[in-house]
1. Cα to Cα, under 22 Å, and not fewer than 8 places away if on the same chain: which lysines meet these conditions relative to residue 52?
2. Return the loop-located GluC sites (Glu not before Pro) in segment 44-149 (DSSP other than H, G, I, E, B) with at most 13 other Cβ atoms within 10 Å of their own Cβ; answer none if there are none.
3. Under the Kirkwood approximation applied to all pairs of distinct alpha-carbon atoms, what is the hydrodynamic radius of the chain in Å?
4. When 72, 115 are ordered from fewest to most other Cβ atoms inside 10 Å of their Cβ, what list results?
5. Over 16 Å, how big is the tail of the calculated P(r) for segment 50-135, in percent of all Cα pairs?
6. Mean residue ellipticity at 222 nm from the helices of the chain, using -39,500 (n - 2.57) per DSSP H segment of n ≥ 4 over the full residue count, to the nearest 500 deg cm²/dmol?
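Since every read-out is calculated from the coordinates, none of them should be taken as a lab result. What you see is a predicted model, and the numbers here were worked out from it, not measured in a lab. Cβ placement follows ideal geometry from the backbone for every residue including glycine, while neighbour counts extend to all protein chains displayed.
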Amino acid sequence: MGDFLLNWYFWIKAFHVMSVLAWMAGLFYLPRIYVYHVEATQPGTDTDATFKVMERKLLRAIMNPAAISTWFFGLLLVFTPGVIDWSTIWPWTKGFSIIAMTIFHLWLAARRKDFERGENTLSGRRYRMMNEIPTILMVIIVLSVLVKW
């Protein structure tokens with residue numbers, strides 16, 4: 001298995017990076033859609049229905065597959081011999097941040113269900129604040145991987 005992963009390392013890494021980009025785009029955009037949904041619509045209107053479709057398609061067609069492929073290719077990289085030195089701090093900070101990013105993704109999915117049921121209780125301001133979480137986690141991940149502290 002190690003030889004296979006080493007032979008395909010650059011391809012795996014490329015697909016991992018593409019998956020991360022797609023996932024991050026969704027993590028940045030979905031909370032922003034929630035802001036507009038809260039501030040520009042009333043439950044039961046045509047605009048409300050349009051936002052629900054946008055949110056569902058973004059989450060199910062882009063974010064979920066991107067998150068799964070990010071994890072898949074990332075785990076392949078983890079198991080590639082010689083890629084990670086577990087005695088350093090960076091794989092642990094990256095791992096913690098990825099888990100936090102996944103929890104944030106799941107939180108966004110739960111909020112989408114709240115909108116779907118007409119039970120959202122959060123304000124546009126709260127979604128704006130939550131929109132900063134993926135940025136903070138992205139900074140930690142990128143610094144961890146590139147600086148390897």
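1. Of all the lysines, those that pass the test against residue 52 - Cα under 22 Å, at least 8 places apart if same chain - are 113.
2. 119, 132
3. Computed over the chain, the radius equals 16.7 Å.
4. Numbers: 72 14, 115 21.
In increasing order of surrounding Cβ atoms, one gets 72, 115.
5. Tail of P(r) above 16 Å: 64 percent of Cα pairs.
6. Roughly -25500 deg cm²/dmol at 222 nm, from the helical runs in the chain.
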